[in-house]
Structure formats: C-alpha cells, structure tokens
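*Asks:* I'd like to ask some things about the structure below.
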C-alpha cells in the first residue's frame with residue numbers, strides 16, 4: 001500500500017504540474033498560486049489516502065461480523081448492549097464529522113491565502129529587501145498564519 005501510495009502521489013503531482021505548465025495563462029487566472037500548490041499537495045494526499053479507504057470499505061464489514069461472532073462467544077447476549085450503544089453514537093459521530101469538514105474547508109482557504117502570500121513574498125524578495133519592507137510582510141504572513149492556526153485548533 002505504501003509503494004502504491006508513493007506511485008499515485010508522484011503521478012498526481014506530475015499530472016497537476018504538467019497541466020499547470022501546459023494550460024493557457026488566461027485559464028490560470030481562476031486559481032491563485034496557493035490553490036495550485038494545494039492541489040499538488042493536499043488534494044494529492046486525499047487521493048493517496050483513498051487507497052487504504054477503498055481496502056477498508058470491503059474488509060470492515062467482514063471484520064465487524066467476525067468481531068460480533070467472537071464477542072457473542074465470549075460474553076453471550078451481553079454483546080448486544082455494546083452494539084446498541086455503537087448504533088446510538090452514530091448521529092453524534094456524524095455531527096462531529098460535519099463540523100470537522102466545515103472547519104477543514106475554512107482551514108484550506110486560510111492555507112491558500114498563506115501559500116499565496118508566501119509565493120508573492122518570495123517572488124518579490126529583492127524589492128522587499130531593497131525598500132526594507134520585511135516587517136510589513138512578516139506581519140502580513142503572521143496574520144494569515146494565525147488565521148490558519150485558529151482553524152486548525154478548532155478542527156483538532
């Protein structure tokens with residue numbers, strides 16, 4: 001799985017990079033530099049993490065059934081208490097997952113802003129140094145990073 005993940009990550013990153021280089025400049029105006037970089041890193045990670053999830057999709061029901069049978073053999077009908085509790089907790093898990101999802105979207109937006117700001121800063125570093133604007137840009141990056149960390153803290 002690890003080897004397959006590495007191959008998929010390399011293929012996806014290469015594909016996004018090739019598309020970015022080959023696409024017309026006017027088409028790229030829809031995306032900031034931060035978004036393109038996130039496509040190459042975060043979205044690639046999501047696709048790579050899909051591989052183990054796909055494997056779990058078929059094996060988890062099988063594992064769950066075996067676990068229930070083994071529990072029944074060990075504790076008898078008392079295993080139904082745990083099963084009922086697990087079923088009752090599903091809506092709570094759904095609510096928590098929805099909240100994490102919304103915070104993740106906000107965090108990715110903040111991350112896009114930070115990466116875009118850093119890209120601008122690095123592209124114009126000579127001008128920034130020449131006019132002694134380091135503190136202004138440091139403060140700007142720090143503000144964007146604080147916003148991203150705020151979203152990350154809420155997600156965690």
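Read the figures in this text as sums done on the coordinates, not as results from a lab. Keep in mind that this is a model prediction, so the values were computed, not measured. All Cβ positions, glycine included, derive from the backbone under ideal geometry; neighbour counts span all protein chains shown.
*Asks:* Go through segment 50-96 residue by residue and tally those that are within 25 Å of residue 155 (Cβ to Cβ) and touching a residue at least 40 places away in the same chain (Cβ under 8 Å).
*Replies:* Qualifying residue count, segment 50-96: 2.
*Asks:* Over 30 Å from residue 28 (Cβ atoms), surrounded by 11 or more Cβ atoms within 10 Å (Cβ to Cβ) and without any contact (Cβ under 8 Å) to a residue 24 or more places away in the chain - does that describe any residue in segment 98-113?
*Replies:* First, pick out the residues of segment 98-113 that are over 30 Å from residue 28 (Cβ atoms): 98-100.
Filter once more, keeping what is surrounded by 11 or more Cβ atoms within 10 Å (Cβ to Cβ): 99-100.
Going one step further and asking which of them are without any contact (Cβ under 8 Å) to a residue 24 or more places away in the chain, we end up with 99.
Yes: one or more hits.
*Asks:* Quick one: what pairs do we get from segment 35-48, first residue within 13 Å of residue 14 (Cβ to Cβ), second not in a helix (DSSP H, G or I), C-beta under 9 Å, 6+ apart or different chains?
*Replies:* So the pair list comes out as 39/31.
*Asks:* Please go through segment 29-44 and pick out each residue that is surrounded by 13 or more Cβ atoms within 10 Å (Cβ to Cβ) and not in a loop (DSSP other than H, G, I, E, B).
*Replies:* Hits for segment 29-44 are 33, 34, 35, 36, 37, 38, 39, 40, 41, 42, 43, 44.
*Asks:* Right, another one. Which one of the conditions (1) touching a helix residue (DSSP H, G or I) at 6+ places or on another chain (Cβ under 9 Å); (2) loosely packed, with under 14 Cβ neighbours inside 10 Å does residue 22 fail to meet, given that it meets all the rest?
*Replies:* (1)
*Asks:* Would you confirm, using the coordinates I've provided, whether residue 144 is assigned to a helix (DSSP H, G or I), touching a helix residue (DSSP H, G or I) at 6+ places or on another chain (Cβ under 7 Å) and within 30 Å of residue 33 (Cβ to Cβ)?
*Replies:* Taking the combined requirement at face value, the residue satisfies it.
*Asks:* If you don't mind, there's one more thing I want to ask. In segment 126-137, what residues are without any contact (Cβ under 8 Å) to a residue 12 or more places away in the chain, in contact with a helix residue (DSSP H, G or I) (Cβ under 9 Å, 6 or more places away or on another chain) and either part of a helix (DSSP H, G or I) or under 30 Å from residue 101 (Cα atoms) (or both)? Explain how you work it out, then say what you get.
*Replies:* The initial filter retains those residues of segment 126-137 that are without any contact (Cβ under 8 Å) to a residue 12 or more places away in the chain, namely 126-136.
Now narrow it down to the ones that are in contact with a helix residue (DSSP H, G or I) (Cβ under 9 Å, 6 or more places away or on another chain): 128, 133-134, 136.
Result: 128, 134, 136.
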